Amino acid sequence: MIPLRLSEIAAVVGGTVHGEDVLVSGPAYVDSRTPVPDGLFVAIVGEHTDGHVHAEGAHAVLGSRPTSAPTVVVADAVAALGRLARHVVDRLDATVLAMTGSQGKTGTKDFLAAVLRTLAGEDAVVATNANNNNEIGVPLTVLRATAATRFLVVEMGARGVGHISYLCEIAPPDVAAVLNVGTAHVGEFGGREQIARAKGEIVEALGAEGTAVLNADDVLVAAMAPRTQAPVLTFGESGDVRWTGSRLDALGRPGFLLAHGDEQHPVQLLEVGAHQVLNAAAAAAMALGAGFGLAEVAAALGSARSASRWRMEVTERADGLVVVNDAYNANPDSMRAALEALAAIGGPARRRTVAVLGEMKELGSEHEAGHRAVGADAARLGIDVVVVVGEAARGIADGATQGTCEVIVTAGREDAAAWVRQNAGPEDVVLVKASRGAALEWIAEQVLEETTP
């Protein structure tokens, strides 16, 4: 964080200082279990806990009442956090690259951050950690910036109309991308058109000197072009930044030719899944929008690794069993992409493919249809075994019975892990995927701990 005294922070956010006027030079944070030296603890009153009672030992606090540590007291700590972050953005000499979409945000963010770090230097880039993409996460990302930061890569999420507009007030983008409009959170929004309305707020926030990056292959995204005054750069199979000749290697990692205009360069990705091509093309378009050339971007993509856990993590157990841990989150589109990757990994080596699939949350009225569609996708792709985790995901089993795959319905994580431990062996490849709330990464960890005699 750019060093600021508590009195300076108070002036920015309209608060008052209680206690010593200490210098804050570390990042802001909200988890008192992992205090940051010289950092700013943001004490939030939540549904189940009150951050103020955990302020003991903090260097400094931003909260709604005094604590045992030096504290800036404000009426609303979350709103004040946003104002502080905007103040820091305005002081930085940095390009803000922001993205939103129903899926692919974190994959694209990781590709883009890796490319920029390769081309501009490790210390020049600050990017969203995990999926800290809301009214708390975006300011926390910004407040990790220092005077050396030249690029801020910010993932933005929304639970309704107006949310992204607010996030763009905190971190006004210079390059803004809409990756897609899918079915993730459709239950909260009330339909894909409402999702599109909300996601498009990110390009409305651009000035005429910015760059809007839009998915040419998504009708609802492509239709956002008139909503921005900025020049539009598209990506996709029919986009300005596009790809040809995509293929998968034995581990399901795609290679392709990345093209823009008459220029094209080969790329071999290190990440698994055909869907990574779209993520890489989106990241490439954003990097071009920031002023980099296609050749250097393509070369940097070839060494890019994901910085996020439980997203198509491929691990081989000592006995040869391959586990694909994609348990961070799920919706029907990302489920299909993961199943396609599973089929690609299993196919060339003729491994048995086992999909351990749990509930996709926040689908609203599409819950049953969405789960059935995933089961049908598994059957269509020829997945050998579908292990359904929990009653809430039973629709997957109903959809999968349309094909020839074996379907196992389990009561929960423990039963599913036990089935895989007892039935999967060295010649198999196992995919584990569900929404975050299902916490299926535990199953992947349990399976990887197993060894054969």
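Restricted to Cα atoms, the chain shows a radius of gyration and a Dmax of 22.8, 69 angstrom. Going from the fewest other Cβ atoms within 10 Å to the most, the residues Ile2, Ile195, Ile44 appear in the order Ile2, Ile44, Ile195. Helix-only arithmetic for the chain: the sum of -39500 (n - 2.57) across DSSP H runs with n ≥ 4, divided by the residue total, places the mean residue ellipticity at 222 nm at -10000 deg cm²/dmol.
Principal-axis analysis of the Cα atoms of the chain puts helix 332-349 at an angle of about 50° to the longest axis. In summary, the stretch 4-75 shows an alpha-carbon radius of gyration equal to 0.97 times the 2.2 N^0.38 Å reference for compact globular proteins. For the stretch 207-267, the list of trypsin sites (Lys or Arg not before Pro) that fall in a loop by DSSP and count at most 10 other C-beta atoms within 10 angstrom is empty.
Contact order for the stretch 376-421, expressed relative to its length and based on alpha carbon pairs under 8 Å spaced 6+ residues apart, stands at 43 percent.
Across the stretch 306-324, the residues whose backbone nitrogen lies under 13 Å from the label position 7 Å along the beta-carbon direction of Thr34 are 308-309.
About the centre of its Cα atoms, the stretch 4-75 shows a dipole size close to 60 debye [charges on the beta carbon of Lys, Arg (+1) and Asp, Glu (-1) only; nearest 20 debye].
Based on alpha-carbon atoms, the Kirkwood radius and the radius of gyration of the stretch 313-449 give Rg/Rh equal to 0.93. For the pair Ser7 and Arg247, label points projected 7 Å from Cα toward Cβ lie 6.8 nm apart. As a size descriptor, the averaged projected area of the C-alpha convex hull of the stretch 92-301 was calculated at 10.8 nm².
Separation of the stretch 14-58 and the stretch 371-446, taken as the distance between their Cα centroids, equals 42 angstrom. In the chain, taking the dipole from charged Cβ atoms about the Cα centre, the farthest positive-side position among Asn131, Gly46, Thr404 is held by Thr404. The distance between label points at Arg159 and Ser25 comes to 3.7 nm (points 7 Å beyond Cα on the Cα→Cβ vector).
Under the simplified labelling scheme, the Glu237-Glu193 pair shows an inter-label distance of 2.7 nm, with each label point 7 Å from Cα along Cα→Cβ.
Among Leu116, Leu258, the order by Cβ neighbours within 10 angstrom, fewest to most, reads Leu258, Leu116.
This ranking places Asp249, Asp377, Asp174 by how few other beta-carbon atoms lie within 10 Å of each, fewest first, which gives Asp249, Asp174, Asp377. Extension gain for the segment Glu204 to Trp442, taken as residue separation times 0.36 nm less the Cα-Cα distance, is 81.6 nm to one decimal. Straightening the chain between Ala223 and Asn129 buys 30.8 nm, computed as 0.36 nm per residue apart minus the Cα-Cα spacing.
Read the figures in this text as sums done on the coordinates, not as results from a lab. Since we're looking at a predicted model, the values are computed, not measured. Using ideal geometry, Cβ is built from the backbone for each residue, glycine included, and neighbour counts are taken over all protein chains shown.
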